[in-house]
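> Mind having a look at this structure? Questions to follow.
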Amino acid sequence: MIVESILIILKVVVIFAALMTGVAYSTYFERKVVAFIQHRIGPNMTGPFGLLQPIADAIKLLFKETFIPNMSDRFLFTIAPMISFVAACMTLAVIPVGDWLNIGGQRIQLIISDLNVGILYILAVTSLGIYGIILAGWSSNSKYSLLGGLRSSAQMISYEVSIGLGIVGVLMLSQTFSISEIVRQQSGSIFNWYFFKQPVAFFIYFISALAETNRNPFDLPEAESELVAGYHTEYAGMRFSIFFMGEYANMITVSAIASSLFFGGWNGPFLPPVIWFVIKVIMFMFIFIWIRGTLPRFRYDQLMRFGWLILFPLGILNILITALILVL
Amino acid sequence: MIIFSILAAVAVFSAVMVITRKSPISSAIYLIVLMCSLAGLFALQGAFFIAALQVIVYAGAIMVLFIFVIMLINLRDNDFGIDKRKIQKYLGFIFAAVILLQAVFITGWAMKEFSNETESAMSSEFYQSPVDSLDQEDYLSAESVAENLFMRFAYPFEVTSILLLAAIIGAFVIARKSDPIDDEGEET
């Protein structure tokens, strides 16, 4: 019992530390890749190849003055970034980074909690993450924040539906909610990946995930030319950086979900499972950044129309066709 | 049992806060806390599926819309004023009592019915620790919920959806009347 508890705590600590490192270095990765796309060099002064840049940024943000706007709701203003950050981190608890592992006679499953409703848990937690953004927008008592918060929450609610519909396509084939079970079903050959069985579902999921994480081309909440910085206009210092970390943590978890559900998670030849998992996640992060570097931003009405009139019907159609094929 | 008490206490506390707070947004936030603690209670009894649905549907979708509306019309603390119609207060108490009695009777009846059905498995399982009841909980799984919802109670389910559709159209008409240039994204 004690060993198990220690193991769970250890798993949480390790995965959280990995996530935080990932968050720090994905900012570096993003700046480097975007710089490469735009024929620049990117951060290269702090440490070798600029590798210490994230640490420098973190120190800078930590020592910045935090600032609470006048007439704002202090409690909600403080708690909003925490909500979005915690929600982003909590999702990772049900994502398996590897299969069972034998260490000194102890069988360890490389997942914090193998819930049998894992996917629903993810949907639930991400839907709670919206509150961070809404409350940040509302409590700042600033029109840019309010508009940014409204926009992004409307966008996230709309695209959450499509995310769900995309995932249902996989669920219908896998017949289970447990993510580790879904990953296990995709072992063997590359053609067992659900990406090849449910390509439409994957694209629906991926596009919606871009919108859900407020990434380009759906980063309207942060459209500088219209909204200054959207919901976090009034945030500075550590609170701002918590939002920022939450956003990157969200990107990582979304990539992890995509690779677990559609790209076989930890499955892969030769290399250990964890490495494969990390490779797949990094690949998705690269695609995120690549899209950011190349595509322009949507207009807001285009975004909503695309979500409700194209992605949503497409998701339902995909489910119908899958059901037909399953029955026949 | 300790977790149960904490969750129940949080639920009751936030339920009281919902109806006593003056500012609508903090009421809404306490309602979210209430939903989440209810989900925790469901999960404690092994109904993970129901718990997840509780968070997704109530806390994640409906309450977001509530907060949305509160933010859009920007209600402040003193927008409600003090209600001068005293009679409504007393009527409110009476109706609350009636509804409470109904809830108690219906729950009691349903429990009896259910325990007859499953040979009193339910009532004993209800207070067991979640670990024991985990493997025998197939009547709370997604399959059984779907079966009950879409096979046994398909007719009430469909009727409810028509009712909701009527409500949506009604809301739409009301919104249209007051503000004809409102965009159509409202009902989503």
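> When only Cα pairs under 8 Å and 6 or more residues apart are kept, what is the percent relative contact order across the range A:70-327?
Here the relative contact order equals 26 percent.
> Okay, next question. Mind checking which of A:Ser178, A:Ser208, A:Ser260 has the largest fluctuation in a GNM of chain A, springs on alpha carbons under 10 Å?
Top of the fluctuation ranking is A:Ser178.
> Counting only other residues whose beta carbon sits under 15 Å from that of A:Val254, what net charge do I get with K and R as +1, D and E as -1?
Every neighbour counted, the sum reads -2.
> Continuing with the same structure: When a/c reaches 1.5 or more, the comparison of a/b and b/c decides; with that in mind, is the range A:198-320 rounded, prolate or oblate per its Cα gyration tensor?
oblate
> Further, regarding this structure: Once amide H atoms are built 1.01 Å from N in the peptide plane, which residues 5 or more positions from A:Leu101, or in another chain, come under 5 Å H to H?
Result for A:Leu101 returns A:Ile108, A:Gln109, A:Leu110.
> Also, quick follow-up: Show me the helices of chain A, taken as full DSSP H stretches, that run 20 Å or more along their long axis by Cα and average 1.6 or above in Kyte-Doolittle hydropathy.
A:2-37, A:74-90, A:118-139, A:273-294, A:312-327
> As a test of reading the structure, rank A:Tyr300, A:Tyr231, B:Tyr155 by solvent-accessible area (1.4 Å probe, protein chains only), most first.
From most accessible down to least: B:Tyr155, A:Tyr300, A:Tyr231.
> For every helix of n ≥ 4 consecutive DSSP H residues, a contribution of -39,500 (n - 2.57) applies; sum these over the protein assembly as shown, divide by its total residues, and give [θ] at 222 nm rounded to the nearest 500 deg cm²/dmol.
-22000 deg cm²/dmol
> Around A:Arg184, what is the net charge, scoring Lys/Arg as +1 and Asp/Glu as -1 over all other residues with Cβ under 12 Å from its Cβ?
Summing Lys and Arg as +1 and Asp and Glu as -1 gives -3.
> On average, how much area does the Cα convex hull of the range A:70-327 cover when viewed from any direction, in nm²?
Mean orientational projected area (the range A:70-327, Cα hull): 15.2 nm².
> May I ask you to list the lysines whose Cα is less than 22 Å away from that of B:Lys89, ignoring any residue fewer than eight positions away on the same chain?
Hits, sequence-local ones excluded: B:Lys22.
> Only Cα pairs within less than 10 Å get springs; with that Gaussian network setup on chain A, which residue of A:Ala236, A:Ala18, A:Ala88 has the largest fluctuation?
With Cα springs under 10 Å in chain A, the top fluctuation among A:Ala236, A:Ala18, A:Ala88 is at A:Ala18.
> Please express the Cα-Cα pair-distance distribution P(r) of the protein assembly as shown as a list of whole percents, one per 20 Å bin, running from 0 to the bin with the greatest distance.
Histogramming the protein assembly as shown at 20 Å steps yields 18, 55, 25, 2 percent.
> Still on this structure, please answer the following. Could you work out, for the range B:1-75, what percent of all Cα-Cα pairs fall into each 10 Å distance bin, beginning at 0 Å and stopping at the bin that holds the largest distance?
Result returned by the calculation: 22, 46, 26, 6, 0.
> Report the number of Lys pairs in chain A whose alpha-carbons are under 22 Å apart, with separation of 8 or more residues or on distinct chains.
Lysine pairs meeting the criterion: 4.
> Show me the ranking of peptides A:189-201, B:2-14 by mean Cβ neighbours inside 10 Å, starting with the highest.
Descending mean neighbour count gives A:189-201, B:2-14.
> Run the numbers on the range B:1-75 and let me know its relative contact order in percent, using alpha-carbon pairs under 8 Å that are six or more apart.
29 percent
The values are calculated or read from the model by the stated rules, or taken from the named source; none is laboratory data. What you see is a predicted model, and the numbers here were worked out from it, not measured in a lab. Glycine gets a Cβ as well: all are built from the backbone with ideal geometry, and neighbour counts include every protein chain shown. Please note that ligands, DNA and RNA were not included when accessible areas were found on the heavy atoms of the full protein model with its side chains. Shrake-Rupley method; radii C 1.70, N 1.55, O 1.52, S 1.80 Å.
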